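**Student:** The following block contains the structure, expressed as structure tokens.
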Amino acid sequence: MLANYVVQVKEQTIREMKHYYTSNLVEKLPQGALFVAKLSGCTITAYRSGKVLFQGKDAEKEAGRWDGRDAGQTKEENFSTVSAIGSDEVGTGDYFGPIVVVAAYVAKEHIDTMKRIGVKDSKQLTDEMIIRLAPTLMNDLHYASAILPNPEYNRWQQSGMPQTKIKALLHNEAIGKLVDALPQRPDAIIIDQFIERNLYFRYLEGEQHVIREHVYCIPKAETVHIAVAAASIIARYLFLQELDCLSETVGINLPKGAGEQVDKVAARLIQTHGEAILPSCAKLHFANTEKARRMANR
């Protein structure tokens, strides 16, 4: 079944889209349509109502070019000095271990303190630095986490749920728990962008508790507000703890990432415990699974 996505845009954006897809336009139009463009993996139909329909295997990717274009988000430079929740995830690119999302709240009067103690994007810090810094943040800040264990991740993924929706559900869960626990409302809720804002909320349709007010999806958000950097540090720390627990359970030190060392360890797991061990500690749809199978059978 091919994916369908609908975005609502303004007249100016529709004109921009038509110009962008000039070389892909077709002559025959359905009733009410302003243009139809056919790409190799997607058909785009724009209607007079402002709705634009994306159909095909690349529908999500193509819709992401335009979704949120007219959301009217606050300029990023206004965020750095406000009291905000930052939300970030780790583990999506790691074969072993869960996905961990953390939302952390930094009040404006604590921003300078966070900078002084060395809070910055977790990707710029070693594991040793994170292990040293995270407990202080967890003690000093309000935060909430959403952790998706590997068995549940594999069930969701095998049901056809894209990883972007999985992340949207987890971010909303962590943010919701934190907002409910805070004594005051934040000025902004900033998600390190993995998808456009409108599509983020489309993935949350049907959920009972969706946080919508003052939510922004911003690329490289850890450079926009230090709360996102704090969230990324706590998330990495929790991920490392989860990975250590899984390593103890399976009796092998599970490495981070998805490189050749991961293939070798996964092959050892198959040889030692059988392939049935993998769903409990790995993301099965990664290419590492097939590589490990081949290694284990040599």
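**Student:** Between segment 128-206 and segment 251-298, how many Å separate their Cα centres?
**Tutor:** Using only Cα atoms, the two centres lie 27 Å from each other.
**Student:** Explain nothing, just compute: Karplus ³J(HN,Hα) = 6.51 cos²θ - 1.76 cosθ + 1.60, θ = phi - 60°, for every residue of segment 275-292 in order, whole Hz, x for Gly and Pro.
**Tutor:** With coefficients 6.51, -1.76 and 1.60, one gets 5, 5, 6, 4, x, 7, 9, 10, 9, 5, 6, 5, 4, 4, 4, 5, 4, 5 Hz.
**Student:** Once phi is turned into θ = phi - 60°, what whole-Hz ³J(HN,Hα) does the Karplus curve with 6.51, -1.76 and 1.60 give for every residue of segment 14-30, x standing for Gly and Pro?
**Tutor:** Those phi angles translate into 4, 5, 4, 5, 4, 5, 4, 9, 3, 6, 10, 6, 10, 7, 6, 10, x Hz.
**Student:** Just need the Rg to Rh number for segment 67-216, please, alpha carbons only, Kirkwood Rh.
**Tutor:** On the way: Rg = 15.8 Å, Rh = 16.5 Å.
Checking Rg against Rh, the ratio lands at 0.96.
**Student:** May I pose another question? Counting pairs of alpha carbon atoms under 8 Å apart in space and at least six apart in sequence, what relative contact order in percent does segment 4-63 give? List each step's numbers first, then the result.
**Tutor:** Values: 99 pairs, mean separation 22.6, N = 60.
38 percent.
**Student:** Another one. Report the calculated FRET efficiency for Q8 and K61 (r = Cβ-Cβ distance, R0 = 25 Å), to the nearest 0.05.
**Tutor:** Details: r = 18 Å, r/R0 = 0.74.
It comes out at approximately 0.85.
**Student:** Then there is this: Which one, A46, A134, A103, has the greatest fluctuation when you compute a Gaussian network model over the chain with C-alpha springs under 10 angstrom?
**Tutor:** Looking only at A46, A134, A103, the largest GNM fluctuation is found for A46.
**Student:** If I model a spin label at S80 and T223 as a point 7 Å from the Cα along the Cα→Cβ vector, what separation in nanometres do I get?
**Tutor:** So the two model labels end up 1.1 nm from each other.
**Student:** To the nearest 20 debye, what is the magnitude of the charge dipole of the chain about its Cα centre, counting +1 on the Cβ of each Lys and Arg and -1 on the Cβ of each Asp and Glu? Mind dumping the intermediate values first?
**Tutor:** On the way: 36 positive and 36 negative charges, 183 e Å.
Taking the Cα centre of the chain as origin, the dipole is about 880 debye.
**Student:** Using a 10 angstrom Cβ neighbour count of at most 14 plus a DSSP loop assignment to flag exposed GluC sites (Glu not before Pro), which longest range of the chain is free of such sites?
**Tutor:** Numbers: sites that count: E27, E205, E207, E213.
Longest gap between qualifying sites, sites excluded: 28-204.
**Student:** Normalise the Cα radius of gyration of segment 4-63 by 2.2 N^0.38 Å (N = residues in it) and let me know the number.
**Tutor:** Working: Rg = 10.3 Å, N = 60, 2.2 N^0.38 = 10.4 Å.
Dividing the Cα radius of gyration by 2.2 N^0.38 Å gives 0.99.
**Student:** Between E16 and Q193, how high is the FRET efficiency from 1/(1 + (r/R0)^6) when r is the Cβ-Cβ distance and R₀ = 22 Å? Nearest 0.05.
**Tutor:** 0.60
**Student:** Could you work out which residue, out of A276, A235, A287, moves most in a Gaussian network model of the chain, that is, has the largest mean-square fluctuation with Cα springs under 10 Å?
**Tutor:** A276
**Student:** Here is a further query. Using the Kirkwood radius over Cα pairs, work out the Stokes-Einstein diffusion coefficient for segment 215-298 at 4 °C and 1.567 mPa s, in µm²/s as a whole number.
**Tutor:** Rounded to a whole number, D works out at 89 µm²/s.
**Student:** For Y95, list long-range residues whose amide hydrogen, built 1.01 Å from N in the peptide plane, is under 5 Å from its own amide hydrogen.
**Tutor:** Sorted by chain and number, the residues that satisfy this are G257, A258.
**Student:** On the Cα set of the chain, report Rg and Dmax in Å, please.
**Tutor:** Here Rg and the maximum Cα pair distance are 21.6, 63 Å.
Bear in mind that the values in this text are calculations on the coordinates, not laboratory data. Note that this is a predicted model, so its numbers are computed, not measured. Glycine also receives a Cβ, built like all others from the backbone with ideal geometry; neighbour counts cover every protein chain displayed.
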